[in-house]
Amino acid sequence: MSEILRDLSSDISLLSLNTATVRQQWNLAEAIEGCVRHNIGSITPWRDQVAECGLDEAAKRIRNAGLTVTSLCRGGWFPAADREGRQTAIDDNLRAIDEAVTLDAACLVMVVGALPKGSKDIEDARSQVFDGMTAIMDHARASNMPLAIEPLHPMYAADRACVNTMKQALDLCDELGDGIGVVADVYHIWWDPELAGQIARAGNDDRLLVYHVCDWLVPTNDLFLDRGMMGDGIIDLKSIRAMVESAGYPGSCEVEIFSQDWWKRDPDEVLRICIERHQTVV
C-alpha cells in the first residue's frame, strides 16, 4: 500500500473516462478522440465497443492517443443453467483476459453474474461464480492480468451479480488467492455500513484495483439507466474518496454513468461537466 495519499480530485491526469458514460453518442474511436480533446489521460472501454472497432485497431488507436487503459469492462457472468452454459462463460472470460492483455489494461473488471434462468438458489449461483473464477485464474496469472470483482448493489442480486458487498468480494478474493482484487463503485457500495472498514481492508491487501464514481439520484426513475452526474445526488463522494485515498489506492478515478438523460446530451458537454465535477465535488 502506498504511504503517500493522493488527492484523486486535484489532477485531471487522474481522471479516467469509462466509455459507458458516452456510449450512446460515441463509438470507441470517437471516445478516444474526445479524451484527447479534453486532455483526459485514461480510458476504460467496453468489450462490445472494442469488438466493433476491432481489437488490434482499438489497441493501436488507444496507444497512438497516449491513453492509459485503467480497466476493461467486462468479464464474469459465470452462473448458467447447465454445464454447457458454464463452459461457454469460462471460454468467454479466457478471451476477455487476452483482450485485456492486448489493450494493455491495468485489469479486467468482473461482473460475476447472478441467478440462472429458472433458479432461485443464490448460494448455488455464488458457488458457480467461485468455480468459474477458479477455472480462469491460472490463465489470468500467467497473463499477468489482474481480475477486479465488482460488487453490485443488492437490487442486482437476481439478474446481474450475486456478489453485493465489498466484504463478499474480498472474502472471495481471499479464497481465490493472488492476482485478484475489487472494484469500489460508489453507486453500488455507498449504503454499506461496513464500507470504511472494507475499503481499508482492500487497501491493506493491495486489492483495491478500480474506483468508479457517479451519483445516486432521489428519486431514481430507472435502477440501471438513471445514474447521476457526480454532485447531483446523495452520495457522500468526498467521504468515500477519503476512504479510498487513505487505503493507498494508486489508480485513477473512473467516471461511469449509465444514464438515458446524459446519453441525450452533447458528449463534449458531458466530458466538460465530468471534469468540472471531478475537480469540485468528487
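A search for C-beta distances below 8 Å between a residue of segment 10-30 that is on the phi > 0 side of the Ramachandran plot and at pLDDT 95 or above and any residue that is surrounded by fewer than 24 Cβ atoms within 10 Å (Cβ to Cβ) and not in a helix (DSSP H, G or I), counting only pairs 6+ apart in sequence or on different chains, returns nothing. In segment 81-102, the residues that are within 17 Å of Leu115 (Cβ to Cβ) and small (Gly, Ala, Ser) form Cβ pairs under 8 Å with partners that are assigned to a helix (DSSP H, G or I) and modelled with pLDDT of 95 or more, at six or more places apart or across chains, as follows: Ala89/Gly132.
Residues that are closer than 20 Å to Ile43 by Cβ and either at pLDDT below 95 or over 19 Å from the mean Cα position of the chain (by Cα) (or both) within segment 225-251 comprise Pro250, Gly251, listed in sequence order.
For (1) aromatic (Phe, Trp, Tyr); (2) more than 18 Å from Arg277 (Cβ to Cβ); (3) in contact (Cβ under 8 Å) with a residue 60 or more places away in the chain, each residue gets a yes or a no:
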| position | (1), (2), (3) |
| --- | --- |
| Ala158 | no, yes, no |
| Lys167 | no, yes, no |
| Gly179 | no, yes, no |
| His188 | no, yes, no |
| Val218 | no, no, no |
| Asp236 | no, no, no |
| Val244 | no, no, yes |
| Tyr249 | yes, yes, yes |
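The set of residues in segment 9-28 that are out of contact with any helix residue (DSSP H, G or I) (no Cβ under 6 Å at 6 or more places or on another chain), closer than 23 Å to Ala96 by Cα and surrounded by 16 or more Cβ atoms within 10 Å (Cβ to Cβ) comprises Ser16, Asn18, Ala20, Thr21, Arg23. In segment 116-127, what residues are surrounded by fewer than 23 Cβ atoms within 10 Å (Cβ to Cβ) and either within 16 Å of Pro151 (Cβ to Cβ) or among the polar types (S, T, N, Q) (or both)? Scanning segment 116-127 gives Ser119, Ile122, Arg126, Ser127.
Per-residue answers, yes or no, for (1) closer than 13 Å to Arg47 by Cβ; (2) of a type in the set (A, V, I, L, M, F, W, C); (3) at pLDDT 95 or above; (4) in contact with a Gly (Cβ under 7 Å, 6 or more places away or on another chain):
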site	(1), (2), (3), (4)
Cys73	yes, yes, yes, no
Gly76	yes, no, yes, yes
Ala80	no, yes, yes, no
Glu84	no, no, yes, no
Gln87	no, no, yes, no
Arg95	yes, no, yes, no
Leu108	yes, yes, yes, yes
Pro116	no, no, yes, no
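Only a single item in (1) over 20 Å from the mean Cα position of the chain (by Cα); (2) surrounded by fewer than 17 Cβ atoms within 10 Å (Cβ to Cβ); (3) of a type outside the set (Gly, Ala, Ser) is not met by Cys53, and it is number (2). Taking the conditions exactly as written (touching a Gly at 6+ places or on another chain (Cβ under 8 Å) and aliphatic (A, V, I, L, M)), does Ile62 satisfy them or not? Criteria not met by Ile62. List every residue pair whose Cβ atoms sit under 7 Å apart, with the two residues 6 or more apart in sequence or on different chains, where the first one lies in segment 49-70 and is under 16 Å from Val101 (Cβ atoms) and the second, anywhere, is of a type in the set (Asp, Glu). So the pair list comes out as Val50/Glu99; Leu55/Glu99; Val69/Asp104; Thr70/Glu254.
Here Gly231, Gly197, Gly181 are screened, and the one residue that is crowded, with 17+ Cβ neighbours inside 10 Å and either closer than 20 Å to Val109 by Cβ or not acidic (Asp, Glu) (or both) is Gly181.
The values are calculated or read from the model by the stated rules, or taken from the named source; none is laboratory data. Predicted, not measured: the structure shown is a model, and the values here were computed from it. Ideal geometry is used to build each Cβ from the backbone, glycine not excepted, and the neighbour counts take in all protein chains shown.
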